Amino acid sequence: MSRIMMNKIQVFTVVALLQLQVSLAVCNKAGRADYSNSSPVELLQAYIQINTTTYNDLSDAVEFWRQLAALADVPINVYEIVEGFPIVVLKWAGTDSSQHSIMLNSHMDVVPAALEDGWTYDPFSGHIDENNFIYGRGTQDMKSVSIQYYTALRRLKENNVTLLRDVYMTLMPDEEVGAEAGMIPFLQSKEFAEMNVGIELDEGSSFPLPVIAVFYQDKVVWQIKVDCHGVSAHGSTFPATNDTATGKCRNVMNKFFEFRDEQYELAKVAPPNDAGGYTSININKINGGTANNVIPSLISLTIDIRLGTTVNEVQMDAKIRQIIAESGSNITFSYILKNPQSPATIVNASNPYWNAVNKAADELGVGLLATIPPGSTDARHVRNAGYPALGLSPMPNTELLLHSVNERLGVTTFLNGIDLYEKIIYYLATIPAEDTAEDGTEYLKVTAR
Ligand SMILES: [Zn+2]
C-alpha cells in the first residue's frame, strides 16, 4: 500500500475517532471530557480511546482517572517512582483504616495494536458491533476490569454501604513489559507500606468455559541470551562445524529442543487450569551474520522460559549451564530476566479472602476455577513480597483474545462483572478484623521443590 493511501486512511480514522469521542463524552467549556453522565460502557469506551500502549505518554489516562475520582468524591494520588511511568491510586475509605486493606490492581498500559494488523474496527475506538461486543485493545486486558472495579465501588458508595476495610484501586503503568517502573518499585515504597494491604486482586483471563478462572499462582519468567562465538572466515572456506558460531548454535538449539519436547509431552496432558506442571521453552530470537559470503563470528539466541511451579531454581540454572557447557567452547550466556519462583495463594477454606470471593460468586451462581495460567501477571511480584493475591477477570464463556487482533468483550459479560465485583468487594472489605492473619504469608505456600 502506498504511503499516500496510508495517510488518507489514517486521516479518515482520526476523523472518525474524533467524532466518536465527541459523541461519547460531552466536552465541558474547558475542553475536558465530562463523564458525569457516562454509563459504565461509555466509560470503558472512553478509556479504550486513550491509547495507553506501553511507553506512550499516560497523562491522558491519569487525567481520566482524576476526573473519575472527582466524580466519585474519593482521593487520588499519582506517584512517579520512575519518571514518565505514573502509578495511580484511588482510595475508598472504610470505617477502620487500621485493618488490612483490599488492593484492587489493574494496569493502564496495553500491548500495541493497529488497524492494519487486521482489526475489523479501529483498536482504539471502543466500537460496539451488532452482536453487542465492544472492540478494542484493553477490552480483555484489562481496562474492562478497571472500570468494573470503579463502577462497583461507586455503586457501593452511592448506596451508602458501609465497608470496614479501606479499598484501594491501584493502576500500574508498565505491566506488559515487566513492571520495572510500576509494581516492582511500588511494592518497595512507603506509599504501598502505608496501604497495609491484606489481599491483592489482579487480572485473570477470559475463559472459554462457563466459569471464571482465578489465578492463585503465576509461572515466573526467565529469559536468557546465548552468544555462540566461532571462527569468522570467507564464505568459501570450510571450517569444522563445531568451530563455527552456527554449528555451536545448532548444538544449543538441539539441546533446548530436547528439553522442550520433554516438557511439551507434559503440557499436552496438563488440565486446562494447571499450566504449573510443565516448563515452557521457546527460542524467540535468532540474531547474527554480517554478509552473505562471510561465516559469522557470532550468533545470538534469545530464549523465553516459564518455569513450572514446582521447579527448583538452582537445578534449573544448573541445567541451563550444563546445556551451554556441553554445546561447545566459547559459548556464553546471560540472564535478561530471572524472576524468583513465586509462592501460591492458598485457595481453600482456611483463607478468609478466598472464602469472600467464593461467597460472592456463589450468590450470583458463577463458578470459579482455581487456575495456574501459562503466562504471568503483576501478582507474582505481590506474592513474592509476602502478600496473598488472586487474579480474576470476570470473562466466562469468552474467547481468549488478550493481546490478539479484534480483542473484544461482550457488553453483557462486562456488565455482569460489575455485579460480581460489587459483591466481591463488599465481602472482602467486611471480613471481620479477627478473621484475618496479621502476616499475609500465612495465606501463601511455597511449591518449588
Ligand atoms: Zn494484563
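Counting the residues of the range 372-399 that are under 17 Å from Pro208 (Cβ atoms) and within 15 Å of the ligand (Cβ to nearest atom) gives 8. The set of residues in the range 149-190 being among the acidic types (Asp, Glu), within 16 Å of the ligand (Cβ to nearest atom) and not in a loop (DSSP other than H, G, I, E, B) consists of Glu175, Glu176. Between Gly182, Gly84, the distinction of being of a type outside the set (Phe, Trp, Tyr), farther than 23 Å from Pro40 by Cα and open to solvent by 20 Å² or more (accessible area, probe 1.4 Å) belongs to Gly84 only.
Of the residues making up the range 104-145, those that are part of a strand (DSSP E or B) and within 16 Å of the ligand (Cβ to nearest atom) are Leu104, Asn105, Ser106, His107, Val110. Close contacts from the range 285-309, counting a first residue that is open to solvent by 50 Å² or more (accessible area, probe 1.4 Å) and a second that is acidic (Asp, Glu), with Cβ to Cβ under 7 Å and a gap of 6+ residues or different chains, come to Leu298/Asp227.
Cβ separations smaller than 8 Å between residues 6+ apart or across chains give the following pairs from the range 55-73 residues that are farther than 18 Å from Lys157 by Cα to residues that are assigned to a helix (DSSP H, G or I): Tyr55/Val177; Ala61/Tyr47; Phe64/Ala46; Phe64/Tyr47. Among residues that are within 15 Å of the ligand (Cβ to nearest atom) and in the same structural domain as Leu164 (by TED's automatic domain parsing), Leu402 is included. Out of the residues in the range 195-241 that are assigned to a loop (DSSP other than H, G, I, E, B) and among the β-branched types (Val, Ile, Thr), which is surrounded by the most Cβ atoms within 10 Å (Cβ to Cβ)? Only one residue fits best here, namely Val220. Assess whether Leu400 counts as being open to solvent by 40 Å² or more (accessible area, probe 1.4 Å), closer than 19 Å to Ser106 by Cα, in contact (Cβ under 8 Å) with a residue 24 or more places away in the chain and not in a helix (DSSP H, G or I). So Leu400 passes the test.
The values are calculated or read from the model by the stated rules, or taken from the named source; none is laboratory data. Fair warning: this is a prediction, and the values are worked out from it, not measured in the lab. When we count neighbours, we look across all protein chains shown, and the Cβ atoms used for this are built from the backbone with ideal geometry, even at glycine. Accessible surface areas use protein heavy atoms only, side chains included; no ligands, DNA or RNA. Shrake-Rupley method; radii C 1.70, N 1.55, O 1.52, S 1.80 Å.
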